[in-house]
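Q: Questions regarding the structure given below will be posed in turn.
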Amino acid sequence: MDQASGLRQMVRKKAHDVDGSGKVRKSAQSPFPRVISVTSGKGGVGKTNVVGNLAIALRRLGKRVLILDGDLGLANIDIIFGLNPAYNIKHVISGQKDLSEVIVEGPEEIRVIPAGSGLQELVHLTQGQKLNLLNEFDTLDEDFDIFLIDTGAGISSNIIYFNIAADERIVVATPEPTSITDAYALIKVMFAKYDTKTFKLLVNMVEDAEEAKSVFENLSNAIARFLKGISFEYIGFIPRDGNLEKAVKQQCAVIQRYPESASSRGFSELARRLLASSVNGAHDGNIKFFWRKLMTRQ
Ligand SMILES: Nc1ncnc2c1ncn2[C@@H]1O[C@H](COP(=O)(O)OP(=O)(O)O)[C@@H](O)[C@H]1O
Ligand SMILES: [Mg+2]
């Protein structure tokens, strides 16, 4: 850490310890929110369910969580949270709404920023619009500990940029061969073209821990051989669980509807592991920094 960022961190720590009313707002050890993208090569592997359930599990461990719904697919986070947002980030860009009016509250005080059709517009912002948007994001760093991004699947530029701008990337894969090869393709593009070197793997829809491990080993061997210099960390697995499917049909997160179910326990374990795991590399980001990186890319 250089001197400037050290100082900045100190100042931020102070600001976070106590707010205007004298209430302690934020733990001094974590002055910056962690910005984590949840991504995959192939669609339908469970990203949105991971984001929704992980958010609730983290909340139950005392973390304040903000989600960016960047997945334009059909079954987005609104469905499993039973939300029906009236506005999205487009309305913030156009100046019609403040960010606070666009953010919606999901279960257990989780907050969601719907990206909606605004996603495409992020590419065409003027300098003035970028500054306005960044100012809107200014306050969020103090209000949240974790910023989770549901990126959508594949290697289109929006998805890649979300992943580059995040501090940490959780790649979700299943034991299905195409999911593994597509995960590898995503990691390869991000490394070869954008020099992104740290990835965490979550294996979803497995029979048991052994099956998850073999997916990890498979990918990890290929990465060690062909993509030298990448740090690839196993962060856990979620079992295939009929109750998760049932919960989705009822427009609920499984961890709420069936808290004792195998996948729900998996999400709680994932939240614990994530909090115990370090942020690979220098963690100097925050939510505003994420947006700045995102917009200057484009
Ligand atoms: N652990 C799991 N067990 C059983 N089914 C799952 C599991 N994870 C995901 N699914 C199924 O896959 C579908 C797609 O999940 P979703 O989270 O929408 O994927 P993505 O966001 O990657 O497209 C879900 O509706 C559910 O039916
Ligand atoms: Mg999705």
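Q: What residue, of A185, A192, is surrounded by 14 or more Cβ atoms within 10 Å (Cβ to Cβ), part of a helix (DSSP H, G or I) and either small (G, A, S) or touching a Lys or Arg at 6+ places or on another chain (Cβ under 8 Å) (or both)? Lay out the reasoning, then the answer.
A: Values: A192 fails: surrounded by 14 or more Cβ atoms within 10 Å (Cβ to Cβ).
Among A185, A192, only A185 is surrounded by 14 or more Cβ atoms within 10 Å (Cβ to Cβ), part of a helix (DSSP H, G or I) and either small (G, A, S) or touching a Lys or Arg at 6+ places or on another chain (Cβ under 8 Å) (or both).
Q: Hey, another quick one. Just for helices (runs of 4 or more DSSP H) wholly inside the range 49-118: which have at least 1 residues that are of a type in the set (A, V, I, L, M) and within 20 Å of N135 (Cα to Cα)? Write out each step before concluding.
A: Numbers: elements: 77-81, 89-93, 99-102.
Those helices (runs of 4 or more DSSP H) span 89-93, 99-102.
Q: Given S156, S100, which one is surrounded by fewer than 22 Cβ atoms within 10 Å (Cβ to Cβ), within 16 Å of ligand 2 (Cβ to nearest atom) and of a type in the set (G, A, S)?
A: Values: S100 fails: within 16 Å of ligand 2 (Cβ to nearest atom).
None of the other options fit; the residue is S156.
Q: Can you name the number of the only condition in (1) of a type outside the set (V, I, T); (2) over 20 Å from D167 (Cα atoms); (3) under 16 Å from the mean Cα position of the chain (by Cα); (4) surrounded by fewer than 14 Cβ atoms within 10 Å (Cβ to Cβ) that S278 fails?
A: If we test S278 against (1) of a type outside the set (V, I, T); (2) over 20 Å from D167 (Cα atoms); (3) under 16 Å from the mean Cα position of the chain (by Cα); (4) surrounded by fewer than 14 Cβ atoms within 10 Å (Cβ to Cβ), just (2) comes out false.
Q: What are the pairs with Cβ atoms under 6 angstrom where one residue, in the range 220-240, is among the aromatic types (F, W, Y) and the other, located anywhere, is surrounded by fewer than 19 Cβ atoms within 10 Å (Cβ to Cβ)? Sequence gap at least six, or different chains.
A: F232/S220
Q: Right, something else. For the range 119-164, what are the residues that are aromatic (F, W, Y), outside any loop (DSSP other than H, G, I, E, B) and away from ligand 1 (no atom under 16 Å from the Cβ)?
A: Initial filter on the range 119-164 (aromatic (F, W, Y)): 137, 144, 147, 161-162.
Restricting the remaining residues to those that are outside any loop (DSSP other than H, G, I, E, B) gives 137, 147, 161-162.
Those that are aromatic (F, W, Y), outside any loop (DSSP other than H, G, I, E, B) and away from ligand 1 (no atom under 16 Å from the Cβ): F137, F147, Y161.
Q: Here's a follow-up. Would you confirm, using the coordinates I've provided, whether I77 is over 27 Å from V206 (Cα atoms) and either buried (at least 23 other Cβ atoms within 10 Å of the Cβ) or touching a Gly at 6+ places or on another chain (Cβ under 7 Å) (or both)?
A: no
Q: Within the range 28-40, restricting attention to residues that are modelled with pLDDT of 95 or more and either assigned to a loop (DSSP other than H, G, I, E, B) or hydroxyl-bearing (S, T, Y) (or both), which residue is nearest to the chain's Cα centre (by Cα)?
A: The extreme case among them is S37.
Q: Same structure, new question: Is it fair to say K213 is surrounded by 14 or more Cβ atoms within 10 Å (Cβ to Cβ) and over 15 Å from T174 (Cβ atoms)? Let's see the steps before the verdict.
A: Numbers: surrounded by 14 or more Cβ atoms within 10 Å (Cβ to Cβ): yes; over 15 Å from T174 (Cβ atoms): no.
Considered against the rule, which asks whether it is surrounded by 14 or more Cβ atoms within 10 Å (Cβ to Cβ) and over 15 Å from T174 (Cβ atoms), K213 comes out as no.
The values are calculated or read from the model by the stated rules, or taken from the named source; none is laboratory data. Please read these numbers as outputs of a predicted model, since none were measured by experiment. Methodologically, a virtual Cβ is constructed for each residue, glycine included, from the backbone with ideal geometry; neighbour enumeration extends over all protein chains shown.
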